[in-house]
Amino acid sequence: MKGDRVEIVVDVGDATRTYEVVATKAGRRVETAVRRGLVEVTELTRSGAVVRTARFMASRVVALVEHPAKEGKPTEPDD
């Protein structure tokens, strides 16, 4: 769903780097998979066609945070 996003924090030796994969258009979604020592984050269309893929070595991934899109209209904060 548009707005889905996944943050990936990766150890790059002396520091960490943060990457984001975001579902950029309506009907797209973000899926994660861990296979053969790799963490793979993919943006897919409704039909399942891959738009983009990010791959990281699982041993270097510090954190993987999934942020699902909010459904419906955003609520306004109370004053």
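All but one of (1) assigned to a loop (DSSP other than H, G, I, E, B); (2) surrounded by 11 or more Cβ atoms within 10 Å (Cβ to Cβ); (3) on the phi < 0 side of the Ramachandran plot hold for ASP14; state the number of the condition that does not hold.
(2)
From THR42, THR24, grab the single residue that is outside any strand (DSSP E or B) and under 12 Å from the mean Cα position of the chain (by Cα).
THR24
Given the conditions (1) free of Cβ contacts under 8 Å to residues at least 12 places away in the same chain; (2) polar (S, T, N, Q); (3) not in a loop (DSSP other than H, G, I, E, B), and given that SER47 satisfies all but one, which numbered condition is not satisfied?
Result: SER47 passes all but (3).
None of the figures in this text is laboratory data; all of them are computed from the coordinates on show. Given the structure is predicted, the values throughout are model-derived calculations rather than measurements. Reconstructed Cβ throughout: ideal geometry from the backbone, glycine too, with neighbour counts over all protein chains shown.
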